[in-house]
1. PHE167 versus LEU447, label points 7 Å from Cα toward the beta carbon: distance in nm?
2. With unit charges on the beta carbons (Lys and Arg positive, Asp and Glu negative) and the dipole taken about the Cα centre of region 345-565, which residue among ILE383, LEU476, ASN372 sits farthest to the positive side?
3. Give, rounded to the nearest 20 debye, the magnitude of the charge dipole that region 345-565 has about its Cα centre when Lys and Arg contribute +1 at Cβ and Asp and Glu contribute -1 at Cβ.
4. Starting with the highest mean, order 160-169, 311-320, 68-77 by the number of other Cβ atoms within 10 Å, averaged over the residues of each peptide.
5. Find which of VAL86, LEU114, SER76 sits farthest along the positive direction of the dipole of region 52-143, computed with +1 on the beta-carbon of Lys and Arg, -1 on that of Asp and Glu, about the Cα centre.
6. To the nearest 0.05, how large is the calculated FRET efficiency for SER74 and MET119 if R₀ is 56 Å and r is the Cβ-Cβ distance?
7. Which Cα, out of PHE544, LEU501, GLY522, lies furthest along the positive dipole direction of region 345-565 (beta carbon charges, K/R +1, D/E -1)?
8. Filter LYS39/LYS324; LYS39/LYS182; LYS324/LYS558 down to the pairs with a C-alpha to C-alpha distance above 31 Å, please.
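The values are calculated or read from the model by the stated rules, or taken from the named source; none is laboratory data. Please read these numbers as outputs of a predicted model, since none were measured by experiment. Note that each Cβ is placed from the backbone with ideal geometry, even for glycine, and that neighbours are counted across all protein chains shown. Ligands, DNA and RNA are stripped out before the accessible areas are found, and what is left, the full protein with its side chains, is counted by its heavy atoms. Shrake-Rupley method; radii C 1.70, N 1.55, O 1.52, S 1.80 Å.
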Amino acid sequence: MADKERLRLKTSIESTSSDVTVLTDYSSTIPENLPAWTKNTKAQSFGLKSLTALYTLILTIVAFIIEISPTWQSESMNIEYTIFCVLMYSIAILYFIYLYAYILYPIVFNTILLYLERMRVLNVHTVKRWVQPEPVFTGEGAGTLYLRLGTVLFGTLGSVLWGCEIFLCFFTETRHNIYVVKYILAFLFTYLQMHFLCCNSKIDLPKNNFLASFGMMHCVAVNLWVWFSLCLAKAVYKSDKKTLKLQKAEEKYKKKNMTITEAVAETITTTIASIVSSESSSGFRADEKQLRSLYKLGSAANFLLTTMVEFSLIAAAVYFIVWKHEGEQTPQDARKKHVRFDCKSTSVGIFAAIVLLIGSFISIAMHYIYNNSDMPRTADEVIGIAETVLFCVCLLAVFGAFIRMRKLQYRLHAHGQVVDEILLIVGLAGEIVYCSTGLDLYLNGRLENTPGTSCLTVVAFVMRIVQVVVQSVFILVASRLRSLSASNISNQPGKQIVTFLVVCNINLFIYHTFETIESNFGFPHKMSSVYSALLNISSPLVVFYRFHSSACLAEIWKHAYSKKYNHSHNAHKSLDDLHVV
């Protein structure tokens, strides 16, 4: 035992001494004068991004709490709530002024510096330190043409919503001046970021610039707050609309069963009430915190609000991508001045999709006819049948596109696709939440034995979930497929089906927009606040998913079969990068 103990001790000493020798040899190779982490540019960039991300997280949480807090929603806090809105918009607008005057168009700032140097107010070293270089547009940004066109469309319609609110501040009953300032700032913020997203979103922000990073993340928080607040406003409006509809139905039933004396008394009471009260023509009145245009314009304002929700979601995603890639200059092709479209092999896909488009409009007209004839259940069933047919046809088309495009070649990740994929996943999440909520409400109605929707609801929502999941997978795969062989460039396999899917998703975009405004198929008129919140938060994402899917499919249609685009990429790609799918 003593010999074993001495052997173990000897081995331990030898191993320890060898480790000390290795550490000594390693320490001799370490440089003496390494800079501290505070002077490391990568560490500074990481710390700056961490602070701005934390600021955005805190501000977003605070804004969401303010929107749902009973204290802030009370009438006594109207002015304070509006001041908070003014501060949110003001900081964002000041950032855009800094961004345009100092980073995007620095010629004015540089001219002032040179003038001050000539006047001997500033020395040469100060001017060299403060002069700004020309901006570099190598970022991801709103990568695709169709996404930028979408921002222009949604931003324009959103600006119309804020313009209507500014006008209604002076209509009949004048509101406090702070409300006018709030909506003017909202209009300016929407217009400025619409121009930025369309024209300058590919800007590569200067590295370690605190104001640039802070302002970009503040805009992310503002857009998330706008998205959440408008979803809540839409929920309140739809709840008031349903309440008014039920009241009118009860009044209509009472009038059918009342006597002549009761009818005369009811008429006198209604006349006096209409003279005394200052209610809006729609039958209910918005308080100071709600959007007046919803109660004055009805469905038109509801559509404008939906577009504003989509715009805020796109803006938040693009700003996050710009912030994430701050200071990362990546090579990119020169900006194209002309856009060309090869419309070969598209006629069959277009006219086949037009048939479905015509059928969709007919089903919408049938819904209005049945609804105005006091047959709401039949009207909802028409919408459900039409949606189920559309989802089945689109699902079959996606499978057909998978089969036809199996001969195309795989290309590595393209520049500018990150934001498209993020927005696609966000829209997919909204679709799944929307369908899951509808299925859960159906099961809840069955368990409680309450009269609700028919079994068609299950079929429609299941087909819808399957279709959006399969289509999302197809878009993620097909966005990397190219016609890099001579036979594929000549035959263009799958182009007809992709064209068909583009028009079908535009059709579903129109259909879902109508559905979220007028009739939510599969959802009962009366539901708990939790289900109502899920419905009103996810329904704009449903509309957005169809719009963005149309844009992504159009981008696939444009690049996968473009002779000039694929020929230029095939010229400098090695055979190792090409794989037959």
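1. Here the modelled spin labels are 4.8 nm apart.
2. Towards the positive end, the residue furthest out is LEU476.
3. Numbers: 15 positive and 12 negative charges, 256 e Å.
So the magnitude is around 1220 debye.
4. Values: 160-169: 19.7, 311-320: 24.9, 68-77: 11.8.
Top to bottom by mean Cβ count within 10 Å: 311-320, 160-169, 68-77.
5. It is LEU114.
6. On the way: r = 56 Å, r/R0 = 1.01.
That pair, SER74 with MET119, gives E of 0.50.
7. Towards the positive end, the residue furthest out is LEU501.
8. Values: LYS39/LYS324 21 Å; LYS39/LYS182 42 Å; LYS324/LYS558 28 Å.
Distance filter (> 31 Å) returns LYS39/LYS182.
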